[in-house]
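A short worksheet on the structure shown next.
The values are calculated or read from the model by the stated rules, or taken from the named source; none is laboratory data. Please read all numbers here as calculations on a predicted model, not as lab measurements. Reconstructed Cβ throughout: ideal geometry from the backbone, glycine too, with neighbour counts over all protein chains shown. What goes into the accessible areas is simple: the full protein's heavy atoms, side chains included, and nothing from ligands, DNA or RNA. Shrake-Rupley method; radii C 1.70, N 1.55, O 1.52, S 1.80 Å.
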Amino acid sequence: MTSNNIKQLDKEYIAQTYGRFDLALSHGKGCDVWDVEGKQYLDFTSGIGVNSLGWADDDWLSAITAQAGKLQHTSNLFFTEPSSQLAKKLVSTSGLKRAFFCNSGAEANEGAVKTARKYSHDKYGTGRSTILTLVNSFHGRTISTLAATGQDVFHQHFFPFTDGFEYVPANDIDALKIRLNTDDVCAILVEVLQGEGGVCALDNDYLQAVQSLCQEKDLVFIIDEVQTGIGRTGTMFSYQQFGLQPDIVSLAKGLGGGLPIGAFLLGNKVEHTLGKSDHGSTFGGNPVTCAGANVVLDKITPDFLKEVQRKGQSLQQRLNALPKVKSVSGLGLMIGVEFEEGILASDIVTKCIEQGVLFLTAKSKLRLLPPLIISDEQIEQGIKVLKEVLESR
Ligand SMILES: *Cc1c(COP(=O)(O)O)cnc(C)c1O
């Protein structure tokens with residue numbers, strides 16, 4: 001099929017909820033991807049932070065194909081090796097105690113919310129179910145995770161939303177303390193580095209205060225690592241750079257290396273909160289996706305993470321030196337670029353596509369989420385194209 005055929009079918013038969021790039025992709029390898037007409041692109045998107053090992057990593061590919069030939073799905077009525085192994089790896093690298101597997105970030109956050117509410121209900125009874133999240137956060141697209149998302153644009157059309165979510169301004173410790181004066185709150189849910197909100201990191205002081213307040217008031221401290229987790233920011237989890245110990249961590253995007261998987265990890269406080277039949281998911285813990293995720297975790301070693309940090313710093317430095325750039329934010333290989341007034345990130349993305357490089361946007365910023373395996377030469381190449389595009393503005 002030509003791109004035009006594919007686009008035509010999409011227009012006619014797929015719900016038109018996405019503003020797609022004008023590009024139909026065919027196949028990829030490493031950080032390179034080709035459209036159906038055979039034009040090559042260098043990728044700084046990794047499927048929105050998902051293909052952490054790039055396209056078609058050899059080991060990942062052989063693990064999932066081998067597993068698909070053995071058991072493609074069993075249901076959760078049976079024990080299987082890939083999910084048990086994966087849980088052990090996640091526990092040992094996170095410092096939390098147990099994992100629950102699901103299929104997406106929204107579903108992971110739903111599970112985190114259920115766990116936090118049950119923890120509070122078991123211990124304190126009713127009337128203590130409010131979950132505080134931050135203004136400008138993003139937690140997913142289901143009715144409850146939209147309610148958890150602290151951005152008004154997401155609170156349209158779909159009423160009634162799930163009750164019991166309230167938003168406090170990020171980095172404002174006093175506002176949080178005031179809100180906690182009444183004891184109806186059971187949990188605080190934050191992203192350490194807000195992704196969809198524009199790649200904005202929280203202050204260390206604020207994060208420490210959130211953690212202390214959670215300990216002091218026995219609130220469940222939930223960190224959404226759906227975008228930041230599994231090496232993206234240069235440590236396995238972004239909270240590790242701040243010395244935090246959350247009670248629940250939600251994961252998805254980069255965990256599977258490209259196959260749909262989500263997870264939430266349970267710390268000491270809540271490891272036994274969910275009992276038999278309290279939660280479930282038909283596809284959760286799927287052996288094929290877990291076999292792929294096991295390879296991802298095996299490859300993200302301390303040395304690999306050092307490289308992510310080094311490449312992230314080099315990329316940030318180079319971005320800072322570009323014309324028309326006002327500021328650069330982010331951690332590791334999760335980076336946002338704010339341009340001077342009059343430069344639209346979406347225009348820059350379109351121009352870069354013409355020149356064979358793929359970037360993302362987040363709000364008004366340019367966003368970079370390259371595969372974690374990107375090379376120094378590929379970083380140079382991307383910067384060169386971006387520079388040319390910016391100079392021609
Ligand atoms: C992408 C994202 C989600 C939602 O994940 P889905 O897999 O699309 O449901 C939740 N939280 C954060 C921080 C995200 O970046």
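Against the criterion of being at pLDDT 95 or above and under 23 Å from GLY47 (Cβ atoms), VAL325 does not qualify.
The residue that is surrounded by the most Cβ atoms within 10 Å (Cβ to Cβ), counting only those in segment 73-88 that are among the hydrophobic types (A, V, I, L, M, F, W, C) and over 15 Å from VAL288 (Cβ atoms), is ALA87.
When the test is whether a residue is assigned to a strand (DSSP E or B) and either within 16 Å of the ligand (Cβ to nearest atom) or under 17 Å from ILE223 (Cα atoms) (or both), ALA99 passes it.
The single condition among (1) within 24 Å of PHE264 (Cα to Cα); (2) within 19 Å of the chain's Cα centre (by Cα) that TYR18 does not satisfy is (1).
Within segment 40-60, the set of residues being part of a loop (DSSP other than H, G, I, E, B) and within 16 Å of the ligand (Cβ to nearest atom) comprises THR45, VAL50, ASN51, SER52. Search segment 234-244 for residues being in a helix (DSSP H, G or I) and either over 19 Å from LYS311 (Cα atoms) or open to solvent by 10 Å² or more (accessible area, probe 1.4 Å) (or both), and hand back the single one that is nearest to the ligand (Cβ to nearest atom). Once the filter is applied, the top-ranked residue is TYR239. Out of segment 251-278, which residues are over 28 Å from ASN51 (Cα atoms), part of a loop (DSSP other than H, G, I, E, B) and open to solvent by 20 Å² or more (accessible area, probe 1.4 Å)? Once the filter is applied, which keeps residues that are over 28 Å from ASN51 (Cα atoms), part of a loop (DSSP other than H, G, I, E, B) and open to solvent by 20 Å² or more (accessible area, probe 1.4 Å), segment 251-278 yields GLU271, HIS272, LEU274, GLY275, LYS276, SER277, ASP278. Listed by first and then second residue, the pairs linking a residue in segment 119-144 that is within 12 Å of the ligand (Cβ to nearest atom) to a residue that is of a type in the set (Ser, Thr, Tyr) and outside any loop (DSSP other than H, G, I, E, B), with Cβ atoms under 8 Å apart and 6 or more places separating them unless they lie on different chains, are THR133/TYR167; LEU134/TYR167; SER137/TYR167; HIS139/THR133; HIS139/THR145.
Here ASP247 fits the description: open to solvent by 10 Å² or more (accessible area, probe 1.4 Å), in contact with a strand residue (DSSP E or B) (Cβ under 8 Å, 6 or more places away or on another chain), under 25 Å from THR130 (Cα atoms) and more than 13 Å from the ligand (Cβ to nearest atom). Checking the stated criteria, SER75 turns out not to satisfy the condition of being part of a helix (DSSP H, G or I) and of a type in the set (Gly, Ala, Ser).
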